[in-house]
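The values are calculated or read from the model by the stated rules, or taken from the named source; none is laboratory data. Only a predicted model underlies this, so the values are computations on that prediction, with no experimental measurement involved. Cβ placement follows ideal geometry from the backbone for every residue including glycine, while neighbour counts extend to all protein chains displayed.
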Amino acid sequence: MESFSVIEYISHNFTVIIDHLGTFAFAISGVRLAVNKQFDWFGAYVVGFITAIGGGTVRDLLLGVTPFWMLNASYLIVTAIALISFVFLRRIIERMNITIFLFDAIGLGLFTVVGIEKSLDANYPFWIAIIMGMITGSVGGVLRDIAINEIPLIFRREIYALACVAGGLVFTLCYYLGLSLPWTNGISATTVIVIRILANRFHVQLPTVK
């Protein structure tokens with residue numbers, strides 16, 4: 001009975017869980033870049049927080065709703081946990097070869113499906129939901145790179161936003177095939193992550209404009 005209740009809780013709160021996992025992953029990526037730029041603790045926290053909530057904030061403003069982090073302080077807390085985890089476990093993280101790229105890819109996949117689902121809940125069509133998923137996943141990284149004075153990753157021929165679009169198309173397909181929400185979210189997020197990793201591994205890039 002107890003195990004069933006845990007499974008039932010996870011099922012009912014799946015979106016909230018992956019939203020916070022994405023927040024942690026993106027915050028870690030932002031904190032790591034800020035630390036490499038020799039930011040202090042507060043500066044690293046701000047960069048991590050911007051990375052984590054930037055895309056979702058833009059999405060909510062476009063959808064005409066109150067930005068999600070203004071309704072729940074847990075996102076501030078998760079970012080603080082990410083900062084403390086990285087500061088005190090930095091050597092362990094680097095020894096395990098958990099790089100900024102991996103955290104960024106995980107956050108990209110998780111946030112994409114959150115953006116898609118929230119847009120569908122607001123009764124927008126799938127093409128809007130896919131765009132909002134892309135914004136949720138990628139805009140935080142753009143704001144992060146601007147904050148640390150780097151050219152945003154999304155503009156450097158990387159397969160980044162297109163990975164979000166691919167995840168959105170997979171989400172749409174899973175939805176019409178009648179898959180459950182956890183399976184749909186999991187498959188879609190995995191699609192984004194795998195595309196991002198494979199594109200980086202095999203140096204797949206978009207051509208520059210001549």
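Residue pairs, Cβ under 9 Å, 6 or more apart or interchain, first in the stretch 43-57 and modelled with pLDDT of 95 or more and crowded, with 24+ Cβ neighbours inside 10 Å, second aliphatic (A, V, I, L, M) and not in a helix (DSSP H, G or I). List them.
V47/I148
Quick one: L177 ticks every box in (1) under 26 Å from D60 (Cβ atoms); (2) modelled with pLDDT of 95 or more bar one, so which box is it?
Here L177 meets the rest and fails (1).
Please go through the stretch 118-148 and give me each residue that is outside any helix (DSSP H, G or I) and either touching a residue at least 40 places away in the same chain (Cβ under 8 Å) or surrounded by 16 or more Cβ atoms within 10 Å (Cβ to Cβ) (or both), ordered by number. It would help to see each step written out before you state the result.
Taking the stretch 118-148 first, the residues outside any helix (DSSP H, G or I) are 122-125, 148.
The answer is A122, Y124, I148.
Within the bounds of the stretch 9-17, is there any residue that is at pLDDT 85 or above, under 21 Å from N185 (Cβ atoms) and surrounded by fewer than 24 Cβ atoms within 10 Å (Cβ to Cβ)?
Of the stretch 9-17, the ones at pLDDT 85 or above are none.
Checked the stretch 9-17: no residue is at pLDDT 85 or above, under 21 Å from N185 (Cβ atoms) and surrounded by fewer than 24 Cβ atoms within 10 Å (Cβ to Cβ).
For the stretch 145-154, enumerate the residues that are over 20 Å from A189 (Cβ atoms) and not β-branched (V, I, T).
In the first step, residues of the stretch 145-154 are kept if they are over 20 Å from A189 (Cβ atoms); the result is 145-152.
Scanning the stretch 145-154 gives D145, A147, N149, E150, P152.
State all residues of the stretch 99-113 that are modelled with pLDDT of 90 or more and either out of contact with any helix residue (DSSP H, G or I) (no Cβ under 9 Å at 6 or more places or on another chain) or among the β-branched types (V, I, T) (or both); if no residue qualifies, say none. Don't jump to the end; show me each part of the working.
In the first step, residues of the stretch 99-113 are kept if they are modelled with pLDDT of 90 or more; the result is 108-109, 111-113.
T112, V113, listed by residue number.
Quick check: is even one residue across the stretch 60-74 within 23 Å of I131 (Cα to Cα), among the polar types (S, T, N, Q) and surrounded by 15 or more Cβ atoms within 10 Å (Cβ to Cβ)? Give the derivation first.
Of the stretch 60-74, the ones within 23 Å of I131 (Cα to Cα) are 60-70.
Then drop every residue that is not among the polar types (S, T, N, Q), which leaves 66.
Pick out the ones that are also surrounded by 15 or more Cβ atoms within 10 Å (Cβ to Cβ) and you get none.
Looking for residues that are within 23 Å of I131 (Cα to Cα), among the polar types (S, T, N, Q) and surrounded by 15 or more Cβ atoms within 10 Å (Cβ to Cβ), one finds none in the stretch 60-74, hence no.
Look through T190, T208, T172 and report the one residue that is in contact (Cβ under 8 Å) with a residue 24 or more places away in the chain, loosely packed, with under 13 Cβ neighbours inside 10 Å and of a type outside the set (D, E, K, R). Even if it seems obvious, please write down each step before you answer.
On the way: T190 fails: loosely packed, with under 13 Cβ neighbours inside 10 Å; T172 fails: loosely packed, with under 13 Cβ neighbours inside 10 Å.
One residue alone meets the criteria, T208.
Taking V78 as the residue in question, decide whether it is modelled with pLDDT under 95, surrounded by 14 or more Cβ atoms within 10 Å (Cβ to Cβ), of a type in the set (V, I, T) and under 23 Å from R32 (Cβ atoms). Outline the logic, then answer.
On the way: modelled with pLDDT under 95: no; surrounded by 14 or more Cβ atoms within 10 Å (Cβ to Cβ): yes; of a type in the set (V, I, T): yes; under 23 Å from R32 (Cβ atoms): yes.
So V78 fails the test.
Checking I159 against (1) over 18 Å from A52 (Cα atoms); (2) in a helix (DSSP H, G or I); (3) within 19 Å of the chain's Cα centre (by Cα), only one condition comes out false. Which one?
Among (1) over 18 Å from A52 (Cα atoms); (2) in a helix (DSSP H, G or I); (3) within 19 Å of the chain's Cα centre (by Cα), I159 violates only (2).
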